[in-house]
Amino acid sequence: MIKLENIEKYYANKGLKNYILRHVTTTINAGEFVSIMGPSGAGKSTLLNIIGMLEEPTYGLYEFMGENITQLNERKRIELYRNHIGFVFQAYHLIDEMTVAENIEAPLLYKKVGSAERKSRVADMLDRFNIVGKKDLFPNQLSGGQQQLVGIARAVVAQPAIILADEPTGNLQSAQALQIMELFQTLNKTENMTIIQVTHSEANAAYGSRILNLQDGLIIK
Amino acid sequence: MFKLNFRIALRNLWKNKGFTLINVGGLAIGLASCMLLLLYVAYEWGYDKQYSNYKTTYMVYNNQAANGKIFSFAATPGLMAETAKDEIPGIKEAVRFDYPSDRLLTYKRNSFKKSSSFSDPAIFKIFDFKVLKGNQSTFLKNPNAVVLTETLAKALFGNEDPINKVVKFDNQEELIVEGVIEDLPKNSSIRFDFLMPWSLYGKINPWSLQAGWNSNFCMTLIQLQDNSFFEQANSKLHGIIKANNKDSNGEPFLHPLAKYHLYNTFEGGKSVGGRIEQLQILFLLAFCILLIACVNFMNLSTARSEKRGKEVGVRKAIGSSRADLIGQFMMESILLSLLSMLLAFALIEVCLPYFNNLLGVELAINYTQWQFWTMLVGLAVLTGLLAGSYPAFYLSSFDPIKVLKGFSVAGGSSLSVRKFLVVFQFVFATCLIICTAVIYQQLNYIKNKSVGYSTKNLIEIPIQGVLNQPEKYALLKDKLLKSGVVADVTNFSAAITQGGNNGYGIEWPGKDIKSNVLVNFRSTGYDFIKTTGMKLSAGRDFSMQHADSANVMINQALAKIMGMKHPVGSVIKWGGTPVTIIGVIEDYVEESPYKYSSPMIVTHTDGSNAVALVRVAATANLSTAVDVIDQIVKEINPDYPVDRHFVDDSFADKLKNERLLGTLSNWFGGFAVFISCLGLLGLALYMAEQRKKEISIRKVLGASSANILVLLNKDFVKLVLIANLIAFPLGYIIINKWLSSYDFRVGISIIPFAIAFLLSLFIAVLTVSVQSAKVAKANPIDALKYE
Ligand SMILES: Nc1ncnc2c1ncn2[C@@H]1O[C@H](COP(=O)(O)OP(=O)(O)OP(=O)(O)O)[C@@H](O)[C@H]1O
Ligand SMILES: [Mg+2]
């Protein structure tokens, strides 16, 4: 599903190349649950963003579902992105002005899903994540864990092929973190969703089927 | 998506009420100003275009070379209309039209002095006046006929049917009402309340039946078959006067009716603009105000970029394309501009009566016209697009990763764009302040400039009805003088503040035979100088001690043209008859207070004249004096309204146009300044927000609130200074051009610039300080805690 070959990323600073990723080569198959680990500043988020098409590599080949992303035009890339990728952030990043239900609905609108279908899917998500009672609240009226549930619901609702999560439990207590990890596991197991998460916690990483260890921009293992 | 975004947009507007208020308010004022000005421009632009044949209708102008210049005026011989129609191919209709003046019309006890004119029947073919009653094909053919406008018919007859009723004209002629037409639109140059046949004009003014080709006493209106005949007809018309009278130097030409009102200035015999220039300025002003309101909007919207940035990032991360975001922001700004439009309408409806009153026009919003609604929606959408484009493109360009990582997105570039916009606003506002100040200076200068006589407590009464009999006039004068409230009385052959007869025919020793000198002809009774308070630079006034029938007074302007150092006692010829100069009057303001006086010659008359001039005694109480005078006039001439007016009121009328411009630029300049301040406030809000942390740290380090205020104000003061630097030369050029059309004008001094400088600076510092004071006073810990 995902094929990375010699991915490099650097920022030029006063003529000096400041490498963040070097020769990253790996393949991730559909249905895998991969955890990316490594010390702070190793380039984990950068790698995840590149996989998520939010950032472009400076060099290298990236194939997503058989398409060469580095050569794709903007429109096609957004199309691919809308249909197959769901993002979950450490800081939740819900839209403050939208209610819970609206936040979950938003990606469907961009995907131009019909209204009836939208309603049923949103209802389904609210139900599944046990937040029906909160659907008309605004993000600032929710706890961090609840916000992250909404964040995941928003990522899942569009039925993506892959979920990318950057330290999804970084701001949460361990009990809540546990709930989120179990959720990921269920999604991975029952719906065969591919999941890639960045984490600092060995415990969280253990939920995954594989660990990518990143150090100074290099995959160690 | 649209529905959700729309909902969120409304939610956002409600949540940020202050921001919404500033934004919608600024835009609404801008839109209201713009639309008000556009309404006025449309009104002026629509002058004379109500008539379906206006494109083929022409006013005949007459070029006459005199005093080394060419004078152009809409006055022609009475013979022209018929001759032109007979001799020039392509002319469909040609009619005479008398200059409208107020005359008395009576039915039973109802008596009104209303604007009236005389014309030929074909005028109803040239203008499609809407006939309400009567048979149009017979109008004005019978010499004892009159056509009324609706309002006058109502006033005279009430609910009676006016047709075939007999009314009395000027207390002497009995006229039959032939028809009633709809009132003429206010923006029509051809205006009257009742219209009479030209044959009646001939009966009342027998001299006109004999008047030849050198007597220009009426307007001629010509309608062509179509405009392909224009060149030919115009060139044929050119020689028509000279062909019939070799001594005349009149060269008539066709001036389109549609241009009669707006293109009313002629130089060298050609149309060179006129009112249209003022209209262009107002048109430009309308869009500039809208533009600065839009700039405001951009400023405020981008200033909120920090807050919206995260939303942009997240939306992009959940699959929004840039186009989606641009659409969203555009929708928001169009929503705002529609809201502002609603508010603008409320503002306009509130202001219109005042505005109409101020300008003496009849503007109204015609809600039933589809053009109006398209224009309205068009303007709102255009404003929304214009105002929303920059924020939309700027905000949608945010890189989601940078935003989500929490990097500050408001780069230096957006700030400098905003600074540029503020400078732009202030250049405009400062220019307006300069122009307004100079316009007022000019007005004041003209108002305070000596008129050449004393206009205060000088009353002018038209001599009409029985007062035309010399013995009745003598009785009036006698009674007035004996009443105790009147100091002096004289008469004059034209309203003292208006034009009158003029002509050539003045010759003096040493005159260049080829040159034509156009001279104003006036006549007066005794005590002219004493009554008016004019000054004689030499010689004496007419007096009973002398036989003055062959004596004249001249003004200094004529003395100068004749090149006479000591004119008193010189003999000159007027129409071949020798006359002796007995006095030289210092130049006084004849018609336009902005123009040099024209040469003038004044004879003495014992008989009747156009107006009586009455000087109220200095000791008299003005209101009782007026009552006494009215009563005396009414007693002697009971059939006519007294119709007295103060000369200084007539003078005030002459300043109307400039006062109007002054008022307009004052109001709209004020709006522009206000809107600019809102823009500045927005920027200040943003800057204060941005520098909250820096300010807090400075305070912790010991800076006082005053230090902080200075710090925050410094940047804005710099912007305003730059704006002033740009505005000064710009304002100078504009106002210099405006002033150059006046003979008498104020010198451009440093004062308007100083006013503009201080005012813009003061306003800017005030606006910024109001906002910054809050930040400067705030507890530093609040800001730092959240880091
Ligand atoms: N726009 C940028 N310009 C320059 N350097 C950058 C930029 N963005 C990221 N970096 C650098 O790239 C490196 C990798 O950053 P990244 O966010 O991928 O680290 P990370 O592994 O996710 O760390 P953490 O565990 O702390 O989140 C860091 O050293 C960071 O300083
Ligand atoms: Mg990271």
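The values are calculated or read from the model by the stated rules, or taken from the named source; none is laboratory data. Remember, it's a predicted structure, so these values are computed and weren't measured experimentally. Cβ coordinates were reconstructed from backbone atoms using ideal geometry, including for glycine residues, and neighbour counts include every protein chain displayed. Accessible surface is based on the protein model in full, side chains and every heavy atom, while ligands, DNA and RNA are left aside. Shrake-Rupley method; radii C 1.70, N 1.55, O 1.52, S 1.80 Å.
Listing for the model above:
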| item | result |
| --- | --- |
| Value at 222 nm in deg cm²/dmol, rounded to 500, when DSSP H runs of n ≥ 4 in chain A each add -39,500 (n - 2.57) | -11000 deg cm²/dmol |
| Percent accessible area from carbon and sulfur atoms, region B:54-260, protein chains only, probe 1.4 Å | 48 |
| Residues whose placed amide H lies under 5 Å from that of B:Asp102, excluding near-sequence neighbours | B:Ser116 |
| Heavy-atom accessible area ranking, 1.4 Å probe, most first, across B:Thr56, B:Thr532 | B:Thr56, B:Thr532 |
| Surface/4 of the Cα convex hull for the protein assembly as shown, nm² | 57.0 |
| Size of electric dipole in region B:458-653: Cβ of Lys, Arg +1 and of Asp, Glu -1, about Cα centre, debye, nearest 20 | 660 |
| Selection from B:Ile751, B:Ala723, B:Asn356, by position along the positive dipole direction of chain B (Cβ) | B:Ala723 |
| Relative contact order of region B:54-260, pairs being alpha-carbon contacts under 8 Å that are 6 or more residues apart, as % | 35 |
| Relative contact order of chain B, pairs being alpha-carbon contacts under 8 Å that are 6 or more residues apart, as % | 15 |
| Whole-Hz couplings from phi, Karplus 6.51/-1.76/1.60, listed for region B:213-220; x for Gly and Pro | 7, 9, 10, 9, 10, 9, 8, 10 |
| ³J(HN,Hα) computed for each position of region A:51-64 - Karplus, 6.51 cos²θ - 1.76 cosθ + 1.60, integer Hz, glycine/proline x | 4, x, 6, 7, 10, 10, x, 6, 7, x, 10, 10, 10, 10 |
| Within chain B, helix-based [θ] at 222 nm, where runs of 4 or more DSSP H residues each add -39,500 (n - 2.57), nearest 500 | -17000 deg cm²/dmol |
| Accessible surface, region B:458-653, averaged per residue in Å² (probe 1.4 Å) | 45 |
| Those residues of region B:1-31 for which accessible area with every protein chain present is at least 50 Å² below the isolated value (1.4 Å probe) | B:Met1, B:Leu4, B:Arg11 |
| Solvent accessible area, Å² - B:Trp667, 1.4 Å probe, full protein context | 120 |
| Peptide-level mean, for B:310-317, of C-beta atoms on other protein chains within 10 Å | 6 |
| Computed magnitude of the charge dipole of the protein assembly as shown (debye, nearest 20; Cβ of K, R +1, Cβ of D, E -1) | 2400 |
| Region A:2-220, relative contact order [Cα under 8 Å, separation at least 6], % | 33 |
| Partner chain coverage, peptide A:150-158 - average Cβ within 10 angstrom | 1 |
| Solvent-accessible area per residue for region A:2-220 (1.4 angstrom probe, square angstrom) | 45 |
| Cα-centred dipole magnitude for chain B, charges only on beta-carbon of K, R (+1) and D, E (-1), debye, nearest 20 | 3660 |
| Accessible-area composition of region A:65-221, carbon plus sulfur, in percent [1.4 Å probe] | 47 |
| Cut-off 9 Å between beta-carbons: net charge of the residues surrounding B:Lys530, Lys and Arg +1, Asp and Glu -1 | -2 |
| Estimated FRET transfer efficiency (B:Phe372, B:Lys17; beta-carbon r; R0 22 Å; 0.05) | 0.10 |
| Cα-based helix-to-principal-axis angle, B:370-396 vs chain B, degrees rounded to 10 | 30 |
| Reachable aspartates and glutamates from B:Lys55, criterion Cα separation under 20 angstrom, eight or more residues apart if same chain | B:Glu44, B:Glu93, B:Asp128, B:Asp226, B:Glu231 |
| Anisotropy class of chain B from Cα gyration tensor, a/c 1.5 cut | prolate |
| Interface burial for B against A (accessible surface, 1.4 Å probe, total of both chains, Å², rounded to 100) | 2200 |
| Net charge of Cβ neighbours under 12 Å - reference B:Ala122; Lys, Arg +1; Asp, Glu -1 | +2 |
| Charge dipole of region B:54-260 about the Cα centre (unit charges at C-beta), most positive-ward option of B:Ser117, B:Thr76, B:Tyr54 | B:Ser117 |
| Region B:546-642 - percent of accessible surface contributed by carbon and sulfur, probe 1.4 Å | 53 |
| Extreme residue, positive dipole direction of chain B, given options B:Val485, B:Leu347, B:Val180 (C-beta unit charges) | B:Leu347 |
| Ratio of Rg to Rh over region B:376-498 (Cα coordinates, Kirkwood Rh, two decimals) | 1.50 |
| Count of lysine pairs in region A:2-220 with Cα separation under 17 Å (8 or more residues apart, or interchain) | 8 |
| Kirkwood-based shape ratio for region A:1-147, expressed as Rg/Rh from alpha carbons | 1.03 |
